[in-house]
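Before any comments, here is the structure.
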Amino acid sequence: MPLNPTLAKVTDRIIARSTQARATYLDRMRRAAEEGPRRGHLTCGNQAHAYAAMEQDQDRLATTPSPNLGIVTAYNDMLSAHQPFERFPALIKATARANGGTAQVAGGVPAMCDGVTQGQVGMELSLFSRDVIALSAGIGLSHNTFDAAVYLGVCDKIVPGLIIAAATFGYIPGIFLPAGPMPSGLPNDEKAKVRQQFATGEVDRDALMKAEMASYHSPGTCTFYGTANSNQMLMEFMGLHLPGASFVNPGNDLRDKLTEAGAKRALEITALGNDYRPVSDILDEKAFVNGLVGLMATGGSTNLVIHIIAMARAAGVLLDLQDLSEISEVTPLMARVYPNGLADVNHFHAAGGLGYMIGELLEAGLLHPDTKTVIGEGLKDYVAEPKMKNGELHWAPGARETQNDRILRPASDPFQTSGGLRQLTGNLGRGVIKTSAVAPERHIIEAPARVFTSQDAVKAAFKDGDLNQDAVIVVRFQGPRANGMPELHGLTPTLAVLQDRGHKVALVTDGRMSGASGKVPSAIHVAPEAIDGGLIAKIKDGDVIRLDAVKGTLDVLADDIETRAPANPDLSDNGHGIGRELFEVFRRSAGAADTGAGVVV
């Protein structure tokens, strides 16, 4: 089928907007590539230092032009999703050696768990960690001894940070190798119910802990469809994973074979061979559009709205919230995965997963079919499914019919005809709302404002019985320049309880919500933020706010709002404790949410 005309129009607009930035970027990548193999520019002393610890691989590195892979790893065992990466470097090195190449760990990057820091002070470093990851990967790759890079990362900021680095070093190829989701545990909706019961005092902390531990129980990615799993989807839609690699559980033969196949493929696509595929050629305007289609079709995380804009900027591609909104309008919502449904990502994968979805979207003219990937030309390769046969990995034709239409539906018969994310505009500025998990009768909320400057203050008002009313809860001074733009997911149980009591409830904030957030209508990422002159700083208790996700508007209905003085709370405590002192330069330098909230891009 021909490409959808809206998709074509948006893509052309992105290409036109990005012309100068993209040309400058590609020229830099071309000139870097023309310098030849990285190691050829090192002195003998430089090389001796680089190879000193490589033992049996020293001679091959020093005397042959064989490709050398740089492994950038986000391994730690604080993140369940990243714990499996402990074994990956050994697998990659052995595979490289068996195929005439070598591999070295170029460097490690930090990887923080938002599940651990949710509602804690450490969450104020979360968004900034994306840019730290990009910087850390850049330092590792700056040794300039690598012909391709293998990136090991899964979770929220880690993949976006690694993409920024991969684009910056876009003259060398790169492959992303995931670790996969943990097996299914306590269903996510049951866990959410216990959280709400704890918020209202119906169950004690022991019951809450039991539910949480039954849900998050083993190595692998959390099974809800939040930012981590949205990242994995994005890597397949953009052609940086091997086909079907995203949602294979860790610790089995298929996962190991996919890791080995990724390392082998990385060796094959360097400039030393005949199939050179630098990241700069893969991450173009069409690839980012395909990623956005995937985000909308799956009802993915709102965090990716910020991240994909920053990722694209690193590759000279300039995205705008209007692009996202128009793509969402023509992209069918094909999946129901928690928080947008009851299924988890393991159920989604079993129902046909990303291969089925990509095939459907290609046939519907809703993906660019001609992008370059780490495998070949076009996304046709990504409708295949990896399988084991006689102990070996091969790709078989993927499902062409959904295996469970309560989880995954065809593009011609979706759960809803438009995607799960929408831009909001109005006198409060620009923001984003995720509608895929919000009941249609709650897509328009008009109610008096209750204004707070922290999520703890909201929780305190709830416990005091001061929020038993229709209300738009405004939580401001939560933007990147105020305090690092933490997620406010800790408010979800509180707001869900108010909503379940029959109140009209919405959230308006210049902060973020988690990828696990869902059923309460939330206007997030409002820009300009309060500390930067945004009108959100002038809202008072009782002002009527109208959030209309149908029309895509967000307004405060107060005639004198423009002439009021903005609130000016004491934010000095945001600058110290739990490492926040180290990030003052980040708070001063951060861009607006609608431009990616970047420090390095």
Once the in-chain neighbours fewer than 8 apart are removed, the aspartates and glutamates whose Cα is under 20 Å from Lys191 read Asp114, Glu202, Asp204, Asp206, Glu212, Asp344, Glu487, Asp500
What shape does the range 456-601 take by its C-alpha gyration tensor, where a ≥ b ≥ c are the square roots of the eigenvalues and a/c under 1.5 counts as rounded, a/b above b/c as prolate, and the rest as oblate?
prolate
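Given a cut-off of under 8 Å on Cα pairs at least six residues apart, what relative contact order in percent is computed for the chain?
On the way: 1344 pairs, mean separation 88.1, N = 601.
It rounds to 15 percent for the chain.
From the protein chains alone at 1.4 Å, what is the descending order of accessible area for Leu135, Leu3, Leu292, largest first?
Working: Leu135 85, Leu3 60, Leu292 0 Å².
Largest accessible area first, the residues go Leu135, Leu3, Leu292.
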Angle, helix 353-363 long axis vs. longest principal axis of the chain, Cα atoms, 0 to 90°, nearest 10?
90 degrees
Near Lys372, which aspartates and glutamates are there with a Cα under 13 Å away, not counting those fewer than 8 places off in the same chain?
Glu236, Asp275, Asp281, Asp284, Glu285, Asp381
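Between Ser218 and Glu55, what FRET efficiency comes out of the Förster formula 1/(1 + (r/R0)^6) with R0 = 41 Å and r the beta carbon distance, rounded to 0.05?
Here the calculated transfer efficiency is 0.75.
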If we sort 299-309, 490-500 on the protection proxy, mean other Cβ atoms within 10 Å, highest first, what's the order?
299-309, 490-500
Pull out a ≥ b ≥ c, the square roots of the eigenvalues of the alpha-carbon gyration tensor of the range 262-368, then state rounded if a/c is under 1.5, prolate if not and a/b is larger than b/c, and oblate in the remaining case.
oblate
With DNA, RNA and ligands ignored, accessible area of Leu42 (1.4 Å probe; Å², nearest 10)
40 Å²
Taking the solvent-accessible surface of protein heavy atoms with a 1.4 Å probe, what is the per residue accessible area of the range 122-239 in Å²?
28 Å²
If the chain between Val550 and Glu86 were fully extended at 0.36 nm per residue, the gain over the current Cα-Cα distance would be 162.4 nm
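What is the range 340-393's relative contact order, in percent, from Cα pairs under 8 angstrom and six or more apart in sequence? Present the calculation step by step, with values, prior to reporting the outcome.
Numbers: 31 pairs, mean separation 14.6, N = 54.
Computed over the range 340-393, the figure is 27 percent.
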Regression test value, accessible area per residue of the range 242-324, probe 1.4 Å, units Å², expected 22 Å²
Filtered hits (lysines, Cα-Cα < 26 Å from Lys551, offset >= 8 within chain) -> Lys9, Lys434, Lys504, Lys519, Lys538, Lys540
Would you mind telling me the share, in percent, of accessible area of the chain contributed by carbon and sulfur at probe 1.4 angstrom?
52 percent
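Take each of the peptides 53-60, 317-324, average the number of other beta-carbon atoms within 10 Å over its residues, and list them starting from the highest. If you can, show how the numbers build up before the last one.
Details: 53-60: 13.1, 317-324: 21.4.
Most protected by this proxy first, the peptides run 317-324, 53-60.
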Go through 238-246, 180-188, 573-581 and give me the packing order, highest mean Cβ count within 10 Å leading.
238-246, 180-188, 573-581
The size of the Cβ-based charge dipole (Lys, Arg +1; Asp, Glu -1) of the chain about the Cα centre, to the nearest 20 debye, is 500 debye
Would you mind checking the tilt of helix 205-215 against the longest principal axis of the Cα atoms of the chain, expressed as 0 to 90 degrees and rounded to 10?
40 degrees
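At 222 nm, what helix-only mean residue ellipticity would the chain give, in deg cm²/dmol to the nearest 500, using -39500 (n - 2.57) for each DSSP H run of four or more?
On the way: 22 runs with 219 residues, N = 601.
Per the formula, -10500 deg cm²/dmol.
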What FRET efficiency comes out for Val585 versus Gln403 if R0 is 56 angstrom and r is the Cβ-Cβ distance? Round to the nearest 0.05.
0.65
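The values are calculated or read from the model by the stated rules, or taken from the named source; none is laboratory data. In this text the structure is predicted, and so the values were computed from the model without any measurement. Note: ideal-geometry Cβ built from the backbone for every residue, glycine included; neighbour counts use all protein chains shown. These accessible areas exclude ligands, DNA and RNA; they are computed on the full protein's heavy atoms, side chains included. Shrake-Rupley method; radii C 1.70, N 1.55, O 1.52, S 1.80 Å.
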